[in-house]
Amino acid sequence: MYNFHTHNELCDGEGPAEAYVLSAIEKDFKALGFSSHAPIPVELDWTLKKEKVDEYFSIIKNLKEKYKGKIELYLGLEFDYFEKKEFQDFYFNNKEKLDYNICSVHFFYEKNNFYIIDGKLENYIDALKILFNDNVISFVKKYYELIRKMIIEFKPDIIAHLDLIKKNNKKNTFFSEKELWYRKEILSTLDVIKKSSSLLEINTGGLARGSIEDFYPSEWLFKECYYREIPIIINSDCHNPSKLDAYFLEAKNALKKAGYSFQKVLINNKWVEVSF
């Protein structure tokens, strides 16, 4: 049992970091990594504030000492990728201070505004209309273009929720994952991941929170990942201590069907393969 995508009350999680540690110990986890949403260049209520970064670092480091011998704890952050170079400074200035990092795309930044991709449906529709004149193909292609740039430029340890763009696409309202153009776009992104040293996250958080009915990425992609020998890691993207291991069994069973027998995790400060 491992999880390296964990939020707490300093960003958008429920409860203090220690509550997650206690839950992990109760559930017999061997390691737990914290990954608060890193500060971004706009004030939001779900990201870590810059003035709270040192406090966050201190809390996790103190918990490491307090629970030494009971569970391995790791300090990380979830960074958002932006094309604008000055928005990347926080990542490059802080990544060496961490045990590991997770990188993701939650926004488009265009016309001096931030457009959130996985927020409320109306935000999604606004971005689609304002930035792409309701052209959903251009919308989705831009998202995956940003993911590929993120992988190449940031070289993340973990790539978070690869197909987050589908979160507001319930009942295929805007596009179908069966469409050729969509499959070509996401499979070309897998090809970039294959050439990288990054782990691809199998994220169960959307299922746990009821926002989607599948994993990130979708289960049909598991075999495509296996054929490309892409290393994976199962994470719950936990925002509540009680859901630390939500849908882990289902994720492991689905990965086994695709051919996987192990994931990579951080143990004794090294990325190693562990079977499931």
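Readers should treat all values here as calculations from the given coordinates under stated rules, not as data from a laboratory. Predicted model only: the values in this text are computed from it and were never measured. Cβ sites come from the backbone with ideal geometry, for glycine too, and all protein chains shown count toward neighbours.
What's the magnitude of the charge dipole for the range 150-261 around its Cα centre, counting Lys and Arg as +1 and Asp and Glu as -1 at the beta-carbon? Answer in Debye, nearest 20. Write down the numbers at each step before the final one.
Values: 17 positive and 16 negative charges, 40 e Å.
Charge dipole, the range 150-261, about its Cα centre: 200 debye, nearest 20.
Using only the C-alpha atoms, the convex hull of the range 159-276 corresponds to 107 Å³ per residue.
Taking 0.36 nm per intervening residue step and subtracting the Cα-Cα distance, what contour gain separates Lys70 from Asn113 on full extension?
Numbers: separation 43, 0.36 × 43 = 15.48 nm, distance 4.52 nm.
Taking 0.36 nm per residue and subtracting the Cα distance, the gain is 11.0 nm.
For the range 32-176, DSSP calls about 25 percent of its internal beta bridges antiparallel.
For every other residue with a beta carbon closer than 13 angstrom to the beta carbon of Ile158, add +1 if it is Lys or Arg and -1 if Asp or Glu, then tell me the sum. Kindly include the intermediate steps, with their values, before the conclusion.
Numbers: positive: Lys95, Lys155, Lys264; negative: Glu78, Asp99, Asp157, Glu201, Asp237.
Residues near Ile158 contribute -2 overall.
For the range 203-234, which GluC sites (Glu not before Pro) are both in a DSSP coil and crowded by at most 14 other Cβ atoms within 10 Å? Display every interim value, and only then the final one.
Details: sites: Glu213, Glu219, Glu224, Glu229; in loops: Glu213, Glu229.
Sparse-neighbourhood loop GluC sites (Glu not before Pro): Glu213, Glu229.
Placing unit charges on each Cβ (+1 for Lys and Arg, -1 for Asp and Glu) gives the chain a dipole about its Cα centre, and among Ile193, Ile117, Val140 the Cα reaching farthest toward its positive end belongs to Ile193.
Stokes-Einstein diffusion for the range 52-117, with the hydrodynamic radius set to the Kirkwood value over Cα pairs and evaluated at 37 °C in a medium of 0.692 mPa s, equals 238 µm²/s.
Considering only DSSP states other than H, G, I, E and B, which chymotrypsin sites (Phe, Trp or Tyr not before Pro) in the range 87-144 qualify as loop sites with at most 11 other Cβ atoms within 10 Å? Display every interim value, and only then the final one.
Working: sites: Phe87, Phe90, Tyr91, Phe92, Tyr100, Phe107, Phe108, Tyr109, Phe114, Tyr115, Tyr124, Phe132, Phe139, Tyr143, Tyr144; in loops: none.
Filter output for the range 87-144: empty list.
Let me check I've understood the local charge: for Arg148, count other residues with C-beta under 14 angstrom from its C-beta, Lys and Arg +1, Asp and Glu -1. What total comes out? If you can, show how the numbers build up before the last one.
On the way: positive: Lys141, Lys142, Lys149, Lys155, Lys184, Lys194, Lys195; negative: Glu83, Glu145, Glu153, Asp163, Glu185, Asp191.
Taking every other residue near Arg148 into account, the sum is +1.
Under the combined filter of DSSP loop state and at most 13 neighbouring Cβ atoms within 10 Å, the range 200-274 retains none of its chymotrypsin sites (Phe, Trp or Tyr not before Pro).
Each Lys or Arg adds one and each Asp or Glu subtracts one; over the other residues with Cβ under 10 Å from the Cβ of Asp214, this totals -3. Each Lys and Arg contributes +1 and each Asp and Glu -1, all at the Cβ; summed about the Cα centre of the chain, the dipole is approximately 700 debye. If you take every DSSP beta bridge fully contained in the range 171-274, what fraction is antiparallel? Give it as a percent rounded to 5. So the antiparallel bridges in the range 171-274 amount to around 60 percent. Helices meeting the span-like rule in the chain (full DSSP H runs, Cα extent of at least 24 Å along the helix axis, mean Kyte-Doolittle score of 0.5 or higher): 136-154. If both residues of a DSSP beta bridge must be in the chain, then about 30% of such bridges are antiparallel. With kT/(6 pi eta Rh) evaluated at 10 °C and eta = 1.306 mPa s, and Rh the Kirkwood radius from Cα pairs, the chain diffuses with a coefficient of 84 µm²/s according to Stokes-Einstein.
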